[in-house]
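Presented below is the structure to which this report refers.
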Amino acid sequence: MVLSKYKKYFSPALVLSALAFFFSAAVFLSAPARAQKLKQLPPPPAGPRFKAKPTPKPAPTPEPEYEVIKVSSNLVVVPVSVTDRQGQPVLGLKQTDFHIEEDGHPQEISQLGDPGQVPLDIALLIDVSSSVTERFAFEEQAATRFLKQVLRSTDHATLYAIDRTPRLEQARSTADVATARLLSIKAATGPSPTAFYDTVIEAARYLGRNTPEQNRRVIVVISDGEDNFSNRVRDLSLADYRAMQADENDTSPEGKKRRRTAAENALQSSHRKAQAEVQLEVQKANAVFYSINPSGEAIRLNVISTRAQAAMQQLAGATGGTAFVPERIVDLEAVFSRILNELRAQYLLQYYSNNKSGGNAFRRIAITTPAQTQSRVRAREGYYPKAK
């Protein structure tokens with residue numbers, strides 16, 4: 001009876017315990033099997049790899065075909081000074097008042113330029129050798145006043161000292177800078193040689209290299225023009241003298257005379273060659289040359305002074321300038337005033353050359369004013385065409 005009672009209460013519990021044990025065993029036994037199945041599965045296939053497509057290179061744009069046109073400018077600009085018998089500028093002339101020829105062929109003037117509209121570049125060369133020491137301060141002050149009066153805001157000046165070698169005292173600058181520098185230059189206090197030719201040549205080349213081609217280029221020299229130290233004089237005279245020394249062992253009076261004559265001829269020859277080179281360089285630079293010889297009447301005292309002044313006159317005439325010889329040092333102001341008036345009153349003739357000869361040979365220019373028979377026309381003798 002008692003057993004029956006216990007069975008009544010424990011039978012359901014046993015049944016539930018058996019069921020719980022069964023399910024637990026089933027789960028425990030099925031887990032390794034499922035893990036085994038997972039281990040036996042093959043690895044998943046590798047995913048597709050995407051490669052970046054290369055950026056296509058753009059097709060080259062064909063270059064446009066241009067027609068090559070060569071333009072050669074044969075414009076020639078000639079500063080012209082027209083003065084009356086008293087040396088005063090003749091104003092008010094028109095384009096039709098001028099006649100111009102190049103190598104004998106008439107040219108058509110395209111324009112008559114206004115000098116006030118064309119910038120001016122001046123190279124001022126002042127002699128600092130011992131021969132000018134006494135009057136140097138006056139020359140310096142007169143030249144300073146000249147630069148201040150003639151140079152405008154668009155103009156420039158370059159300063160050179162004529163000494164034993166060319167000496168660039170002030171590179172291309174404004175009037176204020178140039179005049180301040182000019183007043184600081186000192187003359188030689190002892191014997192000093194002069195390289196006149198070398199200095200003019202270097203100044204002309206400087207203007208040609210450092211100033212715009214369309215500017216008016218002017219060289220103003222304050223010097224007696226005597227040269228005893230330029231490389232060109234020394235080298236040429238030495239070479240010529242050596243070539244004439246065939247009788248150097250002849251000690252007779254006649255032999256000595258021949259050698260003295262040979263030496264003098266060699267020196268004269270070297271000066272002529274040097275002067276020709278100076279003129280060539282000034283003409284290549286298209287510069288107008290003015291000289292002021294403060295020696296006055298003293299230039300007639302010896303052959304050297306006369307030769308030097310004649311050379312400056314030749315150079316001025318070939319380039320359209322003037323060579324002045326004031327009688328007194330106080331006349332220097334009046335000379336500078338004349339140069340100033342000329343530069344401000346210049347006519348700028350512009351024409352396109354019809355010369356088809358080609359080459360870089362010197363071309364001669366002749367300018368006249370047919371209706372002004374009493375006037376004097378000054379312009380450069382010609383020009384060297386620029387290489388194309």
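The values are calculated or read from the model by the stated rules, or taken from the named source; none is laboratory data. Computed from a predicted structure; not experimentally measured. Here the Cβ positions follow ideal geometry from the backbone for every residue, glycine too, while neighbour counts run over all protein chains shown. For the accessible areas, the whole protein counts, side chains as well, though only heavy atoms, and no ligand, DNA or RNA atoms are used. Shrake-Rupley method; radii C 1.70, N 1.55, O 1.52, S 1.80 Å.
Observations on the structure shown:
- Residue check, Q314 closer than 23 Å to P79 by Cβ and either among the charged types (D, E, K, R) or not in a helix (DSSP H, G or I) (or both): no
- Residues satisfying the stated conditions in region 347-357, i.e. of a type outside the set (G, A, S) and open to solvent by 10 Å² or more (accessible area, probe 1.4 Å): Y347, Q350, Y352, N354, N355, K356
- Scanning region 156-195 for residues that are open to solvent by less than 10 Å² (accessible area, probe 1.4 Å), out of contact with any Lys or Arg (no Cβ under 8 Å at 6 or more places or on another chain) and closer than 17 Å to N228 by Cβ yields a single hit, I162.
- Listed conditions (1) touching a residue at least 12 places away in the same chain (Cβ under 8 Å); (2) closer than 21 Å to A276 by Cβ are all met by V303, apart from (1).
- Filter result for the condition that a residue is among the small types (G, A, S) and assigned to a helix (DSSP H, G or I), over A276, A361: A276
- For region 312-339, a tally of residues being open to solvent by 20 Å² or more (accessible area, probe 1.4 Å) and not β-branched (V, I, T) returns 11.
- The test for being in a loop (DSSP other than H, G, I, E, B) and either among the small types (G, A, S) or out of contact with any Cys (no Cβ under 9 Å at 6 or more places or on another chain) (or both) holds for S192.
- Members of region 116-139 that are in a helix (DSSP H, G or I), more than 22 Å from the chain's Cα centre (by Cα) and among the polar types (S, T, N, Q): S130, S131, T133
- If the condition is being under 14 Å from V128 (Cα atoms) and in contact with a Pro (Cβ under 6 Å, 6 or more places away or on another chain), then region 182-226 contributes only T199.
- The residues of region 127-155 that are open to solvent by less than 40 Å² (accessible area, probe 1.4 Å) and within 17 Å of V218 (Cβ to Cβ), listed by number, are A142, A143, T144, F146, L147, V150, L151, D155.
- Matching entry among T251, T261 (being over 30 Å from V118 (Cα atoms), β-branched (V, I, T), modelled with pLDDT under 95 and assigned to a loop (DSSP other than H, G, I, E, B)): T251
- Scanning region 196-232 for residues being open to solvent by 60 Å² or more (accessible area, probe 1.4 Å), in a helix (DSSP H, G or I) and out of contact with any strand residue (DSSP E or B) (no Cβ under 7 Å at 6 or more places or on another chain) gives a total of 3.
- The residues of region 90-108 that are part of a strand (DSSP E or B) and buried (at least 18 other Cβ atoms within 10 Å of the Cβ), listed by number, are I100, E102, Q107.
- Single residue of region 364-388 satisfying the filter (among the basic types (K, R) and outside any loop (DSSP other than H, G, I, E, B)) that is surrounded by the most Cβ atoms within 10 Å (Cβ to Cβ): R380
- D235 vs. criteria in a helix (DSSP H, G or I), of a type in the set (D, E) and open to solvent by 20 Å² or more (accessible area, probe 1.4 Å): yes
- Among (1) aliphatic (A, V, I, L, M); (2) surrounded by 21 or more Cβ atoms within 10 Å (Cβ to Cβ); (3) over 21 Å from V82 (Cα atoms); (4) in contact with a helix residue (DSSP H, G or I) (Cβ under 7 Å, 6 or more places away or on another chain) - the single one A308 does not satisfy: (4)
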